[in-house]
Amino acid sequence: MEKPEYLFKNGKRLDGRKLDEFRKMKIKVDVIDNAEGSAEVEFGKTRVVAAVYGPRELHPKHLVMSDRALLRAHYDMLSFSVEDRKRPGPGRREVEISKVLSEAFRSVVALDRFPRTGIDVFVKVVQADASTRITGLNAASVALAHAGIPMRSMVTGVTFGKIYDDKGKTYMAVDVFKPEDQWGMADVAYAKAWNTGEVVLLQMDGDVTKEEFMEGKKMADKAMEYVYKEQVKALKSVYEVE
Ligand code: ADP
């Protein structure tokens, strides 16, 4: 796709959404039989599965910590998840995303309850239409809760970005999809621990002013509440007795 003349016109983004509008969201819990906990989250066409294994014996042994568990997130984009086949295996991008996701959860999971063990969170992108790390973070959060692993809080994330109209004026928008990620002036991945308000992930690509950042964050905070409620609703649906 060539760079479009605009990403926003007559109050609508390229997919018809308003600036503060989320894509259609779906959250399913318990999608992998062999995992301790699992979830699948869709933000529009972006679809990610998360599966949690552990607490279990940790390998390699030299990583074992006597006072807590080691939580590791493993982010991966499947070859068929993008338009041009993605080369399988972790590249620099996958290593980076795995690291920021691991760090986001280490601050909320009660790792001291499970000394000398490992908790693995596999995040597999089945279909990518941008915002995959945040979609994966939301899936991982639900999967950890489903696994019964104690957390101080659910973790919830949202992306926002800066897009332009046909006159070159710019706007902040939530939940960026591929053309906005690719052609917009900036995009931000942002996640919070819901109970404490602690920011557990914040990454920006591109440039925004402080005012623009605050405007986008305000929209994202509102959207986050919506995502959080959907996470809780999905979890409750698994435990409700008919
Ligand atoms: P995020 O998916 O968290 O927004 P990036 O900003 O790195 O992370 O990627 C944005 C989007 O670019 C991805 O969601 C995906 O749609 C696309 N993309 C990333 N890596 C590749 C790749 N190797 N091949 C094709 N498309 C890719």
Kindly provide the set of residues from region 58-80 that are within 16 Å of the ligand (Cβ to nearest atom) and either surrounded by fewer than 10 Cβ atoms within 10 Å (Cβ to Cβ) or not in a loop (DSSP other than H, G, I, E, B) (or both), ordered by number.
A73, H74, Y75, D76, M77, S79, F80
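Among the listed residues E94, E83, which satisfies the condition of being surrounded by 15 or more Cβ atoms within 10 Å (Cβ to Cβ), within 16 Å of the ligand (Cβ to nearest atom), over 11 Å from the mean Cα position of the chain (by Cα) and closer than 21 Å to T46 by Cβ?
E94
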Considering each of D165, D181, D221 in turn, give the residue that is more than 15 Å from the ligand (Cβ to nearest atom) and under 15 Å from R13 (Cα atoms).
D165
Checking K24 against (1) in contact (Cβ under 8 Å) with a residue 60 or more places away in the chain; (2) under 24 Å from V155 (Cα atoms), the condition it does not meet:
(1)
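Confirm whether K28 is surrounded by fewer than 20 Cβ atoms within 10 Å (Cβ to Cβ) and part of a strand (DSSP E or B).
yes
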Looking at region 190-224 only, could you name the residues that are surrounded by fewer than 22 Cβ atoms within 10 Å (Cβ to Cβ) and either among the polar types (S, T, N, Q) or part of a strand (DSSP E or B) (or both)?
A193, N195, T196, V199, L201, L202, Q203, M204, D205, G206, T209
Could you grab me the full set of residues in region 113-150 that are of a type in the set (K, R) and either buried (at least 24 other Cβ atoms within 10 Å of the Cβ) or under 12 Å from V29 (Cβ atoms) (or both)?
R133
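Just need a number here: residues in region 193-208 that are away from the ligand (no atom under 16 Å from the Cβ) and out of contact with any helix residue (DSSP H, G or I) (no Cβ under 9 Å at 6 or more places or on another chain).
5
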If you scan region 97-130, which residues turn out to be more than 16 Å from the ligand (Cβ to nearest atom), of a type in the set (A, V, I, L, M), within 20 Å of the chain's Cα centre (by Cα) and not in a strand (DSSP E or B)?
V108
Of the numbered conditions (1) buried (at least 21 other Cβ atoms within 10 Å of the Cβ); (2) in a loop (DSSP other than H, G, I, E, B), A51 fails exactly one; give the number of that condition.
(2)
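Read-outs: derived from the displayed coordinates by stated rules, not from any lab. Computed from a prediction, not measured in an experiment: that's the story for all the values here. Reconstructed Cβ throughout: ideal geometry from the backbone, glycine too, with neighbour counts over all protein chains shown.
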